[in-house]
Amino acid sequence: MRVLFSSGLLLTAVAWAQTMSIEEYKPKSTLVVPAHLKPRAKFAFVDVHGHPRGLFAPDRIDQLVKEMDALNMGAMVDLDGRWGDALKRNVDLARSKYPDRFVVFCNLDYAGIDDPKWSAKAAAQLEKDVKNGAAGLKIYKNLGMDVRDSKGRVPVDDPRLDPVWDMAAKLKIPVLIHTADPAPFWQPQDSHNERWLELKEMPGRKRSPEKYPPWETIIAEQHRMFKKHPKTTYINAHLGWYGNNLGELGRLMDEMPNMYTEIGAVLAELGRQPRFAKQWFIRYQNRVLFGKDTYAPSEYPYYFRVLETADEYFDYYRRRHAFWQMYGLDLPDEVLKKLYYKNALRIIPALNSKAFPQ
């Protein structure tokens with residue numbers, strides 16, 4: 001019990017309860033239901049949304065692989081490969097000791113985008129990076145938000161990027177793209193905003209209209225780009241920020257057959273709608289990949305429990321993402337296999353298929 005003193009009088013717990021903040025309110029559920037903890041995935045999986053920088057060091061990589069083995073992670077995609085010489089060094093580092101456990105995606109360098117020759121140079125650099133071992137291209141959210149040229153913000157569907165997307169199609173590599181952020185970051189930070197706590201804890205995530213265009217504008221640019229390049233395979237990160245509206249996400253996937261998606265950092269959206277989410281996963285089972293985003297071994301089991309079990313009303317690992325409880329989707333084995341590794345093996349050819357069930 002927290003003890004407070006006012007005018008020499010001891011305030012009781014009842015009095016404190018009247019002034020307790022939402023951050024302090026952390027109720028322990030009294031619900032008793034079956035629980036099936038999942039420290040290890042049922043099938044080997046590929047984490048297509050990895051950021052393991054620093055974990056490849058000689059004194060760290062053995063421990064990393066032990067942690068992956070414990071989770072049943074067959075392979076991780078490193079999305080932070082960079083480009084040019086740095087990309088080659090990162091590929092060599094990732095392959096140095098465990099060549100079948102990691103693949104590396106390269107990134108774009110937007111420096112000099114005003115130069116009329118930039119598009120051709122960027123496409124040529126992508127081709128060179130793939131020859132040097134890059135397995136795909138990762139586009140960060142700065143495109144559409146913070147990348148600027150001499151005239152201002154560079155939109156996601158800027159035509160100067162067309163040769164890059166065309167080169168990705170020619171090379172048959174996927175483009176994993178993170179565009180914008182959750183829509184509530186653009187909405188008023190008031191009592192109706194589901195991400196209020198996150199914005200209070202991390203105020204830098206608030207997207208002000210003085211600095212950024214509307215969320216709808218940025219997302220529409222992304223979708224126009226997908227449609228303009230139907231031969232390019234895109235992996236729309238974080239369920240394309242439509243985890244709270246899977247019906248609309250499904251409509252978009254029907255409209256854009258070259259768009260895949262992944263579930264990194266949006267587990268909380270799925271765990272609060274288990275029945276509809278299960279139906280959605282079954283329908284789009286060939287188009288969804290497993291991703292985690294931030295590497296933290298203790299957090300993966302929450303994903304396994306939501307995806308694999310029918311458990312009810314259990315905690316999520318990060319309160320600022322979800323003040324609600326999770327429910328399991330209990331996905332069929334064949335859907336799990338596609339989510340965990342089959343879809344990734346199909347669209348990321350550099351992965352070693354021999355490391356996974358045939």
Just to confirm a number: summing +1 for Lys and Arg and -1 for Asp and Glu over residues other than P34 whose beta-carbon lies under 15 angstrom from that of P34, what do you get? -2
Just tell me which lysines come within less than 17 Å, Cα to Cα, of K131; anything on the same chain fewer than 8 places away is out. K88, K121, K170, K172
Inter-part gap, Cα centre of segment 247-276 to Cα centre of segment 99-178, in whole angstrom, is 25 Å
What is the Cα coordinate range of segment 8-112 on the first, second and third principal axes, sorted by size from largest, in whole angstrom? 68, 45, 26
Taking placed amide H atoms and a strict 5 Å upper bound, the residues 5 or more places from R148 or on another chain that come that close are V154
Based only on Cα atoms, what mean projected area does the convex hull of segment 290-358 have, in nm²? 5.6 nm²
Options [x] 22.0; [y] 21.4; [z] 20.4 for Kirkwood radius over Cα pairs in Å; the value derived from the coordinates is listed as [x]
When F43, F323, F304 are ordered from fewest to most other Cβ atoms inside 10 Å of their Cβ, what list results? F323, F43, F304
Which percent, to the nearest 5, of DSSP beta bridges fully inside the chain are antiparallel? 20 percent
Cα-Cα longer than 22 Å, checked against K97/K138; K128/K231; K97/K338; K38/K138; K66/K97, kept in input order, equals K97/K138; K97/K338; K38/K138
Using only Cα atoms, tell me the angle between helix 162-171 and the longest principal axis of the chain; keep it within 0 to 90° and round to the nearest 10. 80 degrees
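Can you compute the charge dipole magnitude of the chain about its Cα centre, using +1 on each Lys and Arg Cβ and -1 on each Asp and Glu Cβ, nothing else charged? Give it in debye, rounded to the nearest 20.
Values: 53 positive and 45 negative charges, 110 e Å.
Taking the Cα centre of the chain as origin, the dipole is about 520 debye.
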Radius 13 Å from Cβ of D115, net charge of other residues (Lys, Arg +1; Asp, Glu -1): 0
Considering the options L329, L252, G264, tell which one lies farthest towards the positive end of the dipole of segment 203-347, charges being +1 on Lys and Arg and -1 on Asp and Glu at the Cβ, about the Cα centre. L252
Between beta-carbons, use under 12 Å as the cut-off and find the net charge around M253, counting Lys and Arg +1, Asp and Glu -1. 0
What value in Å³ per residue do you get for the convex hull of the alpha-carbon atoms in segment 20-78? 164 Å³
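We did not get these values from a lab; they are worked out from the coordinates using the rules stated. Keep in mind the model is a prediction, meaning the values are calculated, not measured. Neighbour counts run over all protein chains shown; Cβ positions are idealised from the backbone, glycine included.
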